[in-house]
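Only one structure is covered here, and it is reproduced in the block below.
The values are calculated or read from the model by the stated rules, or taken from the named source; none is laboratory data. In this text the structure is predicted, and so the values were computed from the model without any measurement. Here the Cβ is made from the backbone with ideal geometry for all residues, glycine too, and neighbour counts use every protein chain on show. These accessible areas exclude ligands, DNA and RNA; they are computed on the full protein's heavy atoms, side chains included. Shrake-Rupley method; radii C 1.70, N 1.55, O 1.52, S 1.80 Å.
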Amino acid sequence: SSGINAEYGQKLEQEKIEAEKSFVKKKKKRKEITTLSFDMEDEENGDAPIVITKKKKIGKNPAVNTSFLPDKDREAQELQEIEDLKQEWIEKQAQLKAQDVELTFNYWDGSGHRHKVLIKKGYTIEQFLNLALDELTSIYPDVRCASVDMLMFVKADLIVPHYLTFYQMEQMKARGEKGPLFRFVPHREEENKPAGLLKDDLQYGKVTLRSWYERNKHMFPANQWKTFDPEVNWEKYTLEQTFKR
């Protein structure tokens with residue numbers, strides 16, 4: 001009886017050992033399967049080394065015309081060039097207006113009395129008449145009490161408004177029925193004038209009192225005088241039409 005118990009005990013012990021070994025094997029196998037599953041998921045999820053590629057910056061193709069596209073640098077350069085040209089033009093006009101002109105005129109009181117004054121091309125007719133008045137006052141008694149407003153300047157039978165400048169009339173190519181009003185040219189060398197001094201080589205203008213004109217505007221030559229109008233194009237008048245008027 002004791003032998004049977006001992007044998008039965010050994011058998012239980014042996015079964016227990018086998019069961020433990022089987023449990024350990026199953027547990028180990030389950031762990032391997034779980035690990036393999038994780039590895040497969042990693043591969044599927046792309047857990048391979050990640051390569052970061054830098055985006056390539058796209059530049060302008062030098063062979064393609066892009067002048068029509070906005071360009072801040074080019075626009076700034078163009079604006080500067082325009083400003084430089086504008087300044088250059090302003091300086092050039094200032095130089096032209098500063099040119100000296102020896103202007104010959106006739107003081108007209110029914111007959112002509114020739115005089116000369118030195119002006120700038122940029123002077124207005126009023127500024128010129130001021131200089132002419134200084135020249136005439138000491139010579140002609142009827143001018144001594146006159147003011148600039150009482151004087152008229154007549155060129156090629158046109159009464160020139162006081163506000164216009166000689167430069168403006170040159171630029172607009174002012175003309176009357178008989179042709180241009182002014183043509184400023186350098187003096188000839190034999191005239192022994194300072195270098196750069198200009199003169200008007202067309203018909204001399206007339207300076208006269210407005211009161212004289214009002215008294216004699218029905219008589220020649222005052223009856224031929226008309227107020228200068230920059231809007232009138234005298235080029236369309238022919239010599240034949242002029243005599244018919």
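Looking across segment 94-118 at every residue that is open to solvent by 60 Å² or more (accessible area, probe 1.4 Å) and assigned to a strand (DSSP E or B), the one that is farthest from D134 (Cα to Cα) is identified as R114.
With respect to L79, is the statement that it is open to solvent by 90 Å² or more (accessible area, probe 1.4 Å) and at pLDDT below 95 true?
Working: open to solvent by 90 Å² or more (accessible area, probe 1.4 Å): yes; at pLDDT below 95: yes.
Judged against the criteria, L79 is a match.
All of V64, V101, V117 fail the test of being β-branched (V, I, T) and at pLDDT below 85, apart from V64.
Condition check ((1) modelled with pLDDT under 90; (2) open to solvent by 30 Å² or more (accessible area, probe 1.4 Å); (3) in contact with a Gly (Cβ under 7 Å, 6 or more places away or on another chain)) across all residues:
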| position | (1), (2), (3) |
| --- | --- |
| V143 | no, no, no |
| S147 | no, yes, no |
| M150 | no, yes, no |
| L158 | no, no, yes |
| E177 | yes, yes, no |
| R188 | yes, yes, no |
| K244 | yes, yes, no |
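I125 fulfils the conditions (1) at pLDDT below 95; (2) open to solvent by less than 30 Å² (accessible area, probe 1.4 Å) except for a single criterion, (1).
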